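The values are calculated or read from the model by the stated rules, or taken from the named source; none is laboratory data. Remember, predicted model here, so these are calculated numbers, not experimental data. Quick reminder, even Gly has a Cβ in these numbers, built from the backbone with ideal geometry, and neighbours come from all protein chains shown. Each accessible area value is taken on the protein alone, full model and side chains, heavy atoms only, with ligands, DNA and RNA left out. Shrake-Rupley method; radii C 1.70, N 1.55, O 1.52, S 1.80 Å.
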Amino acid sequence: MNNNTENQGIQMYGGTISAENIAVGKKARAIKNISKTEDIVSEKSEYAVKTILILAANPKTTPPLRLDEEVREIDTGLQRAKKRELFDLKQRWAVRVRDVYQSLLDFKPQIVHFSSHGAGNDGLALEDENGKVQLVSTEGLAELFKLFANQVECVLLNACYSEVQAKVIVQHIPYVIGMNKAIGDKAAIEFAVGFYNALAAGESIEFAYQLGCTAIRLAGIPEHFIPVLQKR
């Protein structure tokens, strides 16, 4: 009996299986496994968890804002959303300047949401060590987001007259939403809830912006034109 089956192959019912056929089969399985792995990696990338960082400030010397209601409504909307597991909500309150960059370092968010008063060209109103107003300049915010441009996808400035900051920050961040004039608490909350509900349902940032504006209108508030989306 000839033991050399390398060329002769192995006789089986239905035909002969050669060493070459076995090698081809192994290669095919290997390619199939690689393809499956790539599909899994692609799927994980597509459905990676995104962090939303809310930075809230209402200094003692400024009119009270309904920030707690805004954040509660955002959180509630995310909890009942279809794709709620894809978003992680982080919050920082009574935010001071150093809290902003420390939170960006700690949480590495993809979406940054400011809830505060705005002062137009003078900047955004955060807090100092005594809880009083400390304005953060437009240029300072732009330089900060320039450093985090590789991770932040969208900045929402839910503050009056913040379109000024949005126009500068968008030089470094793909999407920035600011307000072109003063916006009331109710309108700000309706916009935020509509915006995040859309994102949590898997919609794009542009669609979420449109839904946020529509939510204001549906609530019977004539301020739907105040949020303005800037795109890089």
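Residues of segment 192-223 that are free of Cβ contacts under 8 Å to residues at least 12 places away in the same chain and assigned to a loop (DSSP other than H, G, I, E, B): Glu203, Ser204, Gly220, Pro222. Taking segment 183-209 as the range and being under 23 Å from Tyr161 (Cα atoms) and touching a strand residue (DSSP E or B) at 6+ places or on another chain (Cβ under 8 Å) as the test, the residues that pass are Ile183, Ala188, Phe191, Ala192, Phe195, Tyr196, Ile205, Glu206, Tyr209. The sole residue among Glu69, Glu85 that is within 24 Å of Asn197 (Cβ to Cβ), open to solvent by 90 Å² or more (accessible area, probe 1.4 Å) and part of a helix (DSSP H, G or I) is Glu85. Every listed requirement among (1) within 15 Å of Ile111 (Cβ to Cβ); (2) open to solvent by 20 Å² or more (accessible area, probe 1.4 Å); (3) modelled with pLDDT of 95 or more is met by Phe195 save one, (2).
Would you tally the residues in segment 136-187 being among the acidic types (Asp, Glu) and either modelled with pLDDT under 95 or in contact with a Pro (Cβ under 8 Å, 6 or more places away or on another chain) (or both)? Working first, answer last.
Narrowing segment 136-187 to residues among the acidic types (Asp, Glu): 139, 143, 153, 163, 185.
Within this subset, residues satisfying the condition of being either modelled with pLDDT under 95 or in contact with a Pro (Cβ under 8 Å, 6 or more places away or on another chain) (or both) are 153, 185.
Residues flagged as among the acidic types (Asp, Glu) and either modelled with pLDDT under 95 or in contact with a Pro (Cβ under 8 Å, 6 or more places away or on another chain) (or both) within segment 136-187 amount to 2.
Within segment 132-157, the set of residues being in contact (Cβ under 8 Å) with a residue 40 or more places away in the chain and open to solvent by less than 10 Å² (accessible area, probe 1.4 Å) comprises Val152, Cys154, Val155, Leu156, Leu157.
Residues in segment 88-126 that are of a type outside the set (Ser, Thr, Tyr), within 19 Å of Glu143 (Cβ to Cβ) and open to solvent by 30 Å² or more (accessible area, probe 1.4 Å): Arg96, Val97, Arg98, Asp99, Gln102, Leu105, Lys108, Ala119, Asn121, Asp122.
Picking from Val155, Val193, Val176, which residue would you name as being touching a Gly at 6+ places or on another chain (Cβ under 7 Å) and β-branched (Val, Ile, Thr)?
On the way: Val155 fails: touching a Gly at 6+ places or on another chain (Cβ under 7 Å); Val176 fails: touching a Gly at 6+ places or on another chain (Cβ under 7 Å).
The conditions single out Val193.
In the set Ala215, Ala208, Ala219, Ala201, only one residue is within 14 Å of Ala81 (Cβ to Cβ) and either open to solvent by less than 20 Å² (accessible area, probe 1.4 Å) or touching an Asp or Glu at 6+ places or on another chain (Cβ under 6 Å) (or both); that residue is Ala208.
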